[in-house]
1. When Rg is the radius of gyration of the Cα atoms in the range 1-67 and Rh is its Kirkwood radius, what does Rg/Rh come to?
2. Would you mind counting up the charge near residue 62? Only other residues with Cβ under 14 Å from its Cβ, with Lys and Arg at +1 and Asp and Glu at -1.
3. How long, wide and thick is the range 81-124, going by the Cα atoms along their three principal axes, in whole angstroms, largest first?
4. Just to confirm my numbers, what's the Cα centroid distance between the range 58-119 and the range 130-196 in Å?
5. Please give the solvent-accessible surface of residue 182 in Å², to the nearest 10, using a probe radius of 1.4 Å with every protein chain present.
6. Calculate the spin-label point distance for residue 85 paired with residue 52, positioning each point 7 Å from the Cα along the beta-carbon direction, and give it in nanometres.
7. Kirkwood Rh over alpha-carbon pairs of the chain, then Stokes-Einstein at 20 °C and 1.002 mPa s: what D in µm² s⁻¹, rounded to an integer?
8. For the range 2-194, what relative contact order do you get, as a whole percent, if you take Cα pairs closer than 8 Å and at least 6 residues apart?
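The values are calculated or read from the model by the stated rules, or taken from the named source; none is laboratory data. If you're wondering where the values come from, they're calculated on a predicted model, not measured in any experiment. No Cβ is skipped: glycine too gets one built from the backbone with ideal geometry, and neighbour counts run over all protein chains shown. Note: areas computed on protein heavy atoms with side chains; ligands, DNA, RNA excluded. Shrake-Rupley method; radii C 1.70, N 1.55, O 1.52, S 1.80 Å.
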Amino acid sequence: MKIKICGITNLEDALNAIEAGVDALGFVFYEKSPRYIDPFKAREIVEQLPPFVQTVALFVNENSSFINQVCTNAKMQLAQIIDDDNYTDFNILNFKYIKVVRAKEKKDLIENQGNYVLVDAFVESFGGEGKRVALEWFDNIDCSKMILAGGLNESNLKDLKGYNFFGVDVSSGVEVSKGKKDKTKMINFVKAVKEI
Ligand SMILES: O=C(O)c1ccccc1NCC(=O)[C@H](O)[C@H](O)COP(=O)(O)O
């Protein structure tokens with residue numbers, strides 16, 4: 001199962017996450033987030049990363065030229081897009097992307113089966129709040145292309161057994177405070193994923 005740690009704001013956390021064994025690092029380019037990072041600061045981090053780690057840029061209701069510009073400036077490889085208001089023209093994106101499904105009910109999952117999507121809990125602030133998606137909504141759903149986010153931590157990952165998620169995404173569950181990750185929590189999170 002793939003693992004992404006989101007809300008990276010500094011090099012130390014990025015390197016600790018990689019040492020723990022994650023596949024992808026998420027950078028939040030949404031200015032209202034406490035985990036916001038300036039694109040050129042993100043680039044400085046990315047330039048010091050080892051190979052084979054995917055860099056993911058998170059956007060909230062942005063147009064495609066902004067997304068292209070930030071991904072270029074910050075050297076991102078994948079855009080993770082919340083697009084509730086249809087601002088993004090996906091046809092003119094220069095980068096691979098994954099859409100975020102902010103799940104409010106099981107129907108949201110049924111509609112997105114078979115597509116690579118990141119499923120997060122619906123929160124007004126758009127993410128990073130530690131709120132979980134009701135796991136029973138995934139019963140009888142094909143989760144093999146879904147990345148589950150929202151309220152995951154080292155203790156509750158065992159609940160995912162049997163669902164066959166493509167990946168998991170975490171932010172607050174491995175933090176000491178908003179925007180600062182905890183090395184031990186990241187190590188334990190990765191270990192717990194491998195035990196699913
Ligand atoms: O993390 C944020 O501050 C954030 C702000 C606005 C939109 C999305 C945001 N995070 C997106 C993520 O991918 C988080 O990892 C995801 O919401 C799960 O967060 P958590 O429940 O804290 O693990």
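1. Values: Rg = 11.8 Å, Rh = 12.3 Å.
Reported Rg/Rh (Cα atoms, Kirkwood Rh): 0.96.
2. On the way: positive: 32, 99; negative: 31, 83, 84, 85, 89.
My count for the surroundings of residue 62 gives -3.
3. 31, 26, 13
4. 20
5. About 40 Å², ignoring ligands and nucleic acids.
6. Here the modelled spin labels are 4.2 nm apart.
7. On the way: Rh = 16.6 Å.
Estimated via Stokes-Einstein, D reaches 129 µm²/s.
8. Working: 393 pairs, mean separation 38.7, N = 193.
The normalised contact order for the range 2-194 reaches 20 percent.
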